Amino acid sequence: MSQAAVLVEDGNGVRTLVLNRPEKRNALTGAMYSALAEALTGAATDDAVGAVLIQGSGGSFTAGNDLADFLAGPPLSADTPVMRFLRALATFPKPVVAAVEGHAVGVGTTLLMHCDLVYAAPTAHFAMPFVSLGLVPEAGSSVLAARLLGHPRAAAMLMAGEALTADAAEAAGLINAVIPTETLYEHAAAKAAALAAKPRAAMANTKALMRHDTPQVLEAMAREATLFAQALTSPEAKAAFQAFLSKSR
């Protein structure tokens with residue numbers, strides 16, 4: 001592994017992607033999205049990779065977008081790093097496992113809806129505060145959240161900004177299980193390796209059958225992206241960002 005903001009390691013048939021900005025709770029930058037998109041695109045056609053594992057470092061999954069970086073290069077087109085990553089994840093043909101510890105905010109929660117198995121430590125905290133920032137949902141979460149959680153709970157998270165604890169996320173069906181922190185990453189890695197060891201064609205076909213509505217999800221992502229780009233320039237979003245950045249200084 002190189003000591004970069006995204007670490008990539010291959011082994012046991014698994015490509016492990018580690019979000020590695022612990023001093024910023026692994027807040028995602030454009031460069032990190034580009035690295036993630038490249039790693040996923042490469043893994044999709046690499047016969048040595050049978051599954052992908054996504055995790056964070058330093059006790060957090062990710063605090064979402066790095067707002068300063070995000071505002072410096074907002075996602076105003078379909079070819080921005082964040083959109084390339086989201087499309088690569090949504091269309092990834094092999095199993096994706098996630099291990100979540102600590103904060104999973106914004107895209108830190110929405111990306112999990114594209115994963116196949118998700119395990120979380122008791123410290124995990126899931127939130128999608130888009131409306132509070134004057135924004136709209138992304139990553140297809142406007143349709144996937146209701147499908148996974150039911151409309152009432154999805155509305156509580158997306159509209160009211162309510163968060164879920166690890167236990168609540170398991171009960172709601174957002175994650176597979178809560179795992180003790182000390183064994184979380186070992187557990188997730190073992191699950192990913194077990195998936196990678198299964199017959200590849202059967203696995204790919206099974207995932208394709210289960211994700212048969214991917215075209216509709218991509219359409220939802222495109223609709224969200226249009227409204228998201230519009231919202232970014234709105235007075236209410238600018239005020240919310242300014243308030244957030246002032247608090248973080």
- Query: Has the range 42-61 got at least one residue that is in contact with a Phe, Trp or Tyr (Cβ under 9 Å, 6 or more places away or on another chain), closer than 25 Å to Arg211 by Cβ and surrounded by fewer than 20 Cβ atoms within 10 Å (Cβ to Cβ)?
  - Reply: yes
- Asp167 meets each of (1) in a helix (DSSP H, G or I); (2) within 29 Å of Gln230 (Cβ to Cβ) with one exception, condition (2)
- the range 121-136: number of residues that are closer than 27 Å to Glu186 by Cα, among the small types (Gly, Ala, Ser) and over 13 Å from the mean Cα position of the chain (by Cα): 2
- Query: Given the conditions (1) in a helix (DSSP H, G or I); (2) closer than 22 Å to Met221 by Cα; (3) of a type outside the set (Val, Ile, Thr); (4) modelled with pLDDT under 95, which single one is not true for Ala68?
  - Reply: (2)
- Item | Hits in the range 137-165 (condition: surrounded by fewer than 19 Cβ atoms within 10 Å (Cβ to Cβ), farther than 23 Å from Glu101 by Cα and under 18 Å from the mean Cα position of the chain (by Cα)) | Ala146, Arg147
- Message: Considering only residues that are over 19 Å from the mean Cα position of the chain (by Cα) and of a type in the set (S, T, N, Q), which ones fall in the range 202-219?
- Response: Asn205, Thr206
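Per-residue answers, yes or no, for (1) outside any helix (DSSP H, G or I); (2) within 22 Å of Asp47 (Cβ to Cβ); (3) not hydrophobic (A, V, I, L, M, F, W, C):
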position: Met83; (1), (2), (3): no, no, no
position: Leu86; (1), (2), (3): no, no, no
position: Ala98; (1), (2), (3): yes, no, no
position: Leu112; (1), (2), (3): no, no, no
position: Tyr119; (1), (2), (3): yes, no, yes
position: Pro122; (1), (2), (3): yes, no, yes
- Out of the range 43-65, which residues are assigned to a helix (DSSP H, G or I) and touching a strand residue (DSSP E or B) at 6+ places or on another chain (Cβ under 8 Å)? Ala43
- Here the residues within the range 124-136 that are crowded, with 19+ Cβ neighbours inside 10 Å and either of a type in the set (S, T, N, Q) or assigned to a helix (DSSP H, G or I) (or both) are Leu133
- Tally the residues that are touching a Lys or Arg at 6+ places or on another chain (Cβ under 8 Å), surrounded by 15 or more Cβ atoms within 10 Å (Cβ to Cβ) and part of a strand (DSSP E or B), restricting the search to the range 1-24. 1
- In the range 231-242, anything of a type outside the set (Val, Ile, Thr) and surrounded by fewer than 13 Cβ atoms within 10 Å (Cβ to Cβ) is listed as Ser234, Pro235, Glu236, Ala239, Gln242
- Determine whether Val97 is under 23 Å from Val49 (Cβ atoms), within 14 Å of the chain's Cα centre (by Cα) and β-branched (Val, Ile, Thr). yes
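The values are calculated or read from the model by the stated rules, or taken from the named source; none is laboratory data. Here the structure is a predicted model, which means the values were calculated and not measured. Methodologically, a virtual Cβ is constructed for each residue, glycine included, from the backbone with ideal geometry; neighbour enumeration extends over all protein chains shown.
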